[in-house]
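Working notes for the structure below.
The values are calculated or read from the model by the stated rules, or taken from the named source; none is laboratory data. Source: prediction; values computed, not measured. For neighbour counting, all protein chains shown are included, and Cβ atoms are generated from backbone atoms with ideal geometry for every residue, glycine included. Each accessible area value is taken on the protein alone, full model and side chains, heavy atoms only, with ligands, DNA and RNA left out. Shrake-Rupley method; radii C 1.70, N 1.55, O 1.52, S 1.80 Å.
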Amino acid sequence: MATTQAGEVTGSDLVELRVPADPAYLTVVRTASAGLAARLDLTLDEIEDLRIAVDEACTLLLDPQAEAGEIVATFRLGSGVLEVEVRGPATALPERSSFAWAVLEALVGEVSTGQSDTGAWIVLRHTRARGAT
Amino acid sequence: MAAVEGGDAGREVLTGPPSARRGDEPLTRYGPGAAPEVDDFARFAALPEGAPGRAALREELLRRHLQLADHLARRFSGRGEPHDDLVQVATIGLIKALDRFDPSRGVPFPAYAIPTMLGEVKRHFRDRGWALRVPRRMQETGRALADARETLTHELGRAPTIAELAARTGRDADEVVEVLESANAYSTVPLDAASPDSGAAHLGSVDEQLERVDNREALRPLLAQLPPRERRILALRFVRGMSQSQIAAEVGISQMHVSRLLSRTLGQLREGLGTDSA
């Protein structure tokens with residue numbers, strides 16, 4: 001697997017979730033996202049946005065052609081920062097001008113993406129809006 | 001298209017040149033064919049209300065982004081709300097966003113519209129927690145009132161008056177009455193309850209929610225068959241909780257007409273449910 005710039009969150013907890021690349025499993029990833037976001041004491045709206053963004057990212061990374069494959073979601077929980085890296089079998093991501101990108105960018109502070117030999121990845125990075133309490 | 005009026009032609013556009021946008025269509029591409037152009041938004045924003053061509057341009061810009069409403073609604077699938085309802089709600093957010101959008105700020109329209117649309121959908125879900133539709137403002141006031149009622153009861157050693165509640169919560173007495181009234185919507189009496197006393201007989205009965213799922217599934221194809229205007233009126237009435245006169249203003253027909261259309265449509269749905277689900 002290609003390496004990413006992810007991992008900038010230092011002193012963080014790591015949670016990894018590996019599910020079949022099947023839409024039916026996305027709900028597990030979504031629920032985990034919400035649960036972990038709640039640990040960071042994010043507001044309900046932030047949690048909701050993150051959940052939607054993760055769902056969007058996972059959907060982009062599913063490959064409708066491939067029967068097999070996995071979605072691997074890696075959550076890094078720093079102080080006030082949640083980074084979600086999602087990898088999936090999709091061989092091509094839609095162009096930057098698509099709705100999907102607009103959604104991701106509207107919901108999450110930082111979005112980066114790339115291809116690897118096994119598929120593609122998207123990293124979402126959310127920083128808690130309020131000052132740490 | 002777009003004869004440049006706003007002088008915004010040089011601004012970074014979200015999309016590539018039109019030539020690059022032909023060819024095979026990925027699922028998530030912008031709405032039918034053409035790239036949305038900043039010029040059109042500038043043109044729209046510059047047109048005063050009622051100007052010739054404004055309505056047509058508004059419609060066109062909305063139509064181009066309808067797919068976005070559908071796209072966002074899909075993000076909420078599996079949460080017990082019919083997809084079409086969510087599309088409707090997201091579309092209302094889209095309309096609000098378009099009407100408020102200021103292209104001169106240099107923010108691309110989707111970046112502005114998406115949070116507005118999601119806000120609308122989230123509110124929809126928040127409001128769904130209630131048996132009947134109660135506007136959010138009233139739900140919030142309702143919570144504030146419930147708190148004030150409790151503290152005042154403690155302080156005064158008796159139940160507070162409307163005026164005391166109003167003073168404590170900084171609200172108008174009329175509003176307090178209205179909200180207390182609507183608080184009844186938290187729980188509803190089953191229609192088949194013969195008298196309030198028979199409520200106990202319903203303990204442990206079939207979960208009403210289950211039946212609601214059945215109804216919803218049965219309704220879905222029926223709703224799909226309705227003409228667009230009727231469907232819209234239904235959505236405004238039952239999704240948005242608008243009054244008949246508000247709907248009349250929105251749709252541009254008389255309140256009487258709305259009333260007739262509503263009862264006819266509801267009659268049709270009832271009939272359809274009766275024959276199909278038997």
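Considering only the other residues whose Cβ falls under 12 Å of the Cβ of residue B:144, what net charge follows from Lys and Arg at +1 and Asp and Glu at -1?
Numbers: positive: B:137, B:143, B:149, B:168, B:171; negative: B:140, B:147, B:150, B:175.
Neighbour charge sum, excluding residue B:144 itself: +1.
Would you mind giving the mean number of other chain beta-carbons within 10 Å of the Cβ of each residue in A:51-63, as a whole number? Let's see the in-between values first.
Values: counts 2, 7, 1, 1, 5, 5, 0, 0, 5, 3, 0, 0, 0.
For peptide A:51-63, the averaged partner shielding equals 2.
Provide the gained length on full extension for the span residue B:150 to residue B:271, in nm with one decimal, where the gain is 0.36 nm per separating residue minus the Cα-Cα distance. Numbers along the way, then the final one.
Details: separation 121, 0.36 × 121 = 43.56 nm, distance 4.67 nm.
Full extension of this stretch gives 38.9 nm more.
Using amide H atoms built 1.01 Å from N in the peptide plane, name the residues 5+ places from residue B:242, or on other chains, whose amide H lies under 5 Å from its own.
B:237
Which sequence of B:178, A:85 reflects their accessible areas, 1.4 Å probe, from the largest down? Walk me through the intermediate numbers first.
On the way: B:178 85, A:85 15 Å².
Ranked list, largest accessible area first: B:178, A:85.
Which residue, A:72, A:86, A:103, tops the fluctuation ranking in a GNM of chain A built on C-alpha contacts under 10 Å?
With Cα springs under 10 Å in chain A, the top fluctuation among A:72, A:86, A:103 is at A:103.
Go ahead and run the numbers for FRET between residue B:254 and residue A:13, Cβ-Cβ distance against an R0 of 60 Å, rounding to 0.05.
On the way: r = 61 Å, r/R0 = 1.02.
Using R0 = 60 Å, I get an efficiency of 0.45.
All other residues with a Cβ under 12 Å from the Cβ of residue B:258 taken together, and with Lys, Arg as +1 and Asp, Glu as -1, what is their net charge? Provide the component values of the computation, followed by the final result.
Numbers: positive: B:229, B:232, B:237, B:260, B:264; negative: B:230, B:250.
Here the count lands on +3.
Sorting check: for B:229-238, A:111-120, which peptide has the highest mean count of neighbouring beta carbons within 10 Å, and how do the rest follow?
Details: B:229-238: 18.2, A:111-120: 15.1.
Going by the mean number of other Cβ atoms within 10 Å, highest first, we get B:229-238, A:111-120.
Taking only Cα atoms of segment B:38-129, what ratio of Rg to Rh do you get with Rh as the Kirkwood inverse-distance radius? All intermediate terms of the calculation are to be shown ahead of the outcome.
On the way: Rg = 14.0 Å, Rh = 13.7 Å.
Here the Rg-to-Rh quotient is 1.02.
Taking each residue in A:91-102, count the Cβ atoms of any other chain within 10 Å of its Cβ, then average. What number comes out? Don't skip to the answer; put the middle values down first.
Details: counts 0, 1, 2, 4, 8, 3, 13, 9, 14, 5, 3, 11.
Mean partner-chain Cβ count within 10 Å for A:91-102: 6.
Can you give the local net charge around residue B:69? Use residues other than it whose beta-carbon is closer than 13 angstrom to its beta-carbon, Lys and Arg +1, Asp and Glu -1. Let's see the in-between values first.
Details: positive: B:63, B:64, B:74, B:75, B:96; negative: B:70, B:84, B:85, B:120.
Net local charge, residue B:69 excluded: +1.
Calculated from DSSP H runs of 4 or more alone, at -39500 (n - 2.57) each and per residue, what is the 222 nm mean residue ellipticity of chain A, nearest 500? Mind dumping the intermediate values first?
Numbers: 3 runs with 41 residues, N = 133.
Value at 222 nm, helices only, nearest 500: -10000 deg cm²/dmol.
Can you give the Rg to Rh ratio of chain A, both from alpha-carbon atoms, with Rh computed by the Kirkwood formula? If you can, show how the numbers build up before the last one.
Numbers: Rg = 13.9 Å, Rh = 14.7 Å.
That ratio equals 0.94.
What is the set of long-range amide H partners of residue A:81 at a cut-off below 5 Å, with H atoms built 1.01 Å from backbone N?
When sequence neighbours closer than 5 places are left aside, the close amide H contacts are A:128.
Just report the Cα centroid separation between segment A:89-133 and segment B:37-66, whole Å.
Computed from Cα coordinates, the inter-centre distance equals 30 Å.
Using a 1.4 Å probe on the protein heavy atoms only, what accessible surface does residue B:122 show? Give it in Å² to the nearest 10.
Counting only protein heavy atoms, the figure is 30 Å².
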